[in-house]
Amino acid sequence: STMRERKTTDPLHSTDPLHSSRALSKGKEKLRLKQEVGLISSVSLIAGTMIGSGIFMSPEWVLHHMGNPASSLLIWAACGLLAMFGALSYAELGTIIKESGGEYIYILRIFGSFPAFLFAYTSVILVRPAGLAAVCLSFAEYATAPFYPGCSSPQVAIKCTAAACILILTIINCLNVRLATSVMNIFTAAKLLALLVIVVGGLVLLAKGQTQSFQNGFQGTTAGIGAVGVAFYQGLWSYDGWNNLNYVTEELKKPEVTLPRALMIAIPLVTCLYLLVNVSYLAAMTPSELLSSGAVAVTWGDKVLGSWAWLMSLSVALSTFGSANGTFFSGGRVCYIAATEGHMPDILSMAHVRCLTPSPALLFTSAMSLIMIISGSFTSIVNFFSFMAWLFYGMTISGLLYLKIKKPELPRSYKVPILIPIIVLMAAVYLVLAPIIDQPQIEILYIVLFIFSGIIFYFPLVHFKYHPRFLQRVTLHLQLLLEVAPTTRDAN
């Protein structure tokens, strides 16, 4: 069939939780994704995806909404703490439900098929491709800038470069998991080096007494709920990626150890770097200079590095390329896992017979991202990315609270104090409701309508299992063309 038959058991409500739904399909499936992601690669995946263009672009907007340097630094610290709390909560979920897929698989196992399908439908078609397209366009803007000095790059050049970036990432991720993780490791090291240059430069400036930006640091603080919420959105965009390791749980070596350990290393590291980088920006520039900067890292480079300022443009390009690779690596897995559960066409659940990578899912994600780059209509979607993300984060965290209260007997190698997911859930509710209450916009209604438009596809294709014959023939031809075969999920 073109849509893999959905499991009839509800594992978290059955007598054999988390195991009954993972039986292999009649022993016929023999391909598996390799468990090749170790601790270093796991830390690189988290840190490499989190450190994208955000830290080079968002500081001015956080400062703009908060009104002064000291309160903006508090927002950056609070965003890091919230990301850490969310990641620790996800770590417990990852040790209970040892399957790849992140929020999708957790919502599926806890709440059932329908809400999981809505998440997969929204994430696979809209959220992940839009995020990837946005990051690649950011990469393209900085990569083409040196070729057009004194003026902005043409849109054709930016879009062609972004499309080339996506195609290169597709080839890398389809060829070999180890190659993709090696790219992550190399670019993570490069971007960490760039951030360390900014940090050291800032410390030198502070040692020379350039602390005027921090005098009367809390003067003029913005107290509005909506402004604080938008400032959190800007900060959290820079931290986005803290949950990416949960999308590839089945490819981790010893996931019960690697998952929480990688989170506890990567997120505090990124938080400390972000705070020190912001301090460095404020040491080099006055708040008014920072607010008027179109690209704060480039302005910092002009002031501190002089003739070496071009290093900042290169650093941003490297950073965004590495972030795009991490987004692509994990985003393709969401599509793959949703297909194995019958919520996407069956071809997307297959892996290449030699490379052992989920190449059809990666190709689909790539195609959707290319469409968004060509159309250029994804800007408003990216602006409301945080709204959609925290809507599903909140649902996932509420699922963890349900398991902790109703299913305490489930085996787990790591437990997070219950207060932490409660704090994350409260933050998620605030981040979803604050922009609606303070500044309601019609785009939020469009997003909600798109999410629920998945009902049109769910009931005929998933619930009633209507599978047109011509789709079966298309699946067969695609399987032969792409050299892919059905896989089996890890039952451990």
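In what sequence, largest accessible area first, do His65, His352, His343, His477 appear using a 1.4 Å probe? All intermediate terms of the calculation are to be shown ahead of the outcome.
Working: His65 45, His352 25, His343 0, His477 125 Å².
Accessible-area ranking of His65, His352, His343, His477, largest first: His477, His65, His352, His343.
A 21 angstrom limit on the alpha carbon distance is what I want to check against. Which of Lys208/Lys303; Lys254/Lys415; Lys253/Lys406; Lys98/Lys406; Lys98/Lys404 exceed it?
Numbers: Lys208/Lys303 15 Å; Lys254/Lys415 17 Å; Lys253/Lys406 30 Å; Lys98/Lys406 19 Å; Lys98/Lys404 16 Å.
From the list (Lys208/Lys303; Lys254/Lys415; Lys253/Lys406; Lys98/Lys406; Lys98/Lys404), the Cα-Cα distance tops 21 Å for Lys253/Lys406.
7 Å from Cα along Cα→Cβ at both Gln441 and Lys415: what's the point-to-point distance in nm?
With each label point 7 Å from Cα toward Cβ, the separation is 4.3 nm.
Nearest 10 degrees is fine. How inclined is helix 255-284 to the longest principal axis of the chain, computing both from alpha carbons?
20
Over the chain, with every protein chain in place, what whole percent of the accessible area is carbon and sulfur at 1.4 Å, could you tell me? List each step's numbers first, then the result.
Working: 13670 of 20110 Å².
About 68 percent, which is the carbon plus sulfur part of the accessible surface.
Hey, rough spin-label estimate for Ser288 and Ser152, points 7 angstrom out along Cα→Cβ, what's it come to in nanometres?
Rounded to a tenth, the inter-label distance reads 2.5 nm.
Which log10 I(q)/I(0) values, to two decimals, does the chain give at q = 0.09, 0.11 Å⁻¹ under the Debye formula with one point per Cα?
With no solvent term, the Cα-only Debye profile gives -0.60, -0.91.
Tell me, what ³J(HN,Hα) does each residue in region 421-426 have, in order and in whole Hz, if you take phi through Karplus 6.51 cos²θ - 1.76 cosθ + 1.60 with θ = phi - 60° and put x for Gly and Pro?
x, 5, 4, 5, 5, 4
With a probe of 1.4 Å, find how much accessible area the chain has per residue, and write the answer as a whole number in Å².
Working: 20110 Å² over 492 residues.
Per residue, the chain has 41 Å² of solvent-accessible surface.
The values are calculated or read from the model by the stated rules, or taken from the named source; none is laboratory data. If you're wondering where the values come from, they're calculated on a predicted model, not measured in any experiment. Reconstructed Cβ throughout: ideal geometry from the backbone, glycine too, with neighbour counts over all protein chains shown. Surface accessibility is based on the protein's heavy atoms, side chains included, excluding ligands, DNA and RNA. Shrake-Rupley method; radii C 1.70, N 1.55, O 1.52, S 1.80 Å.
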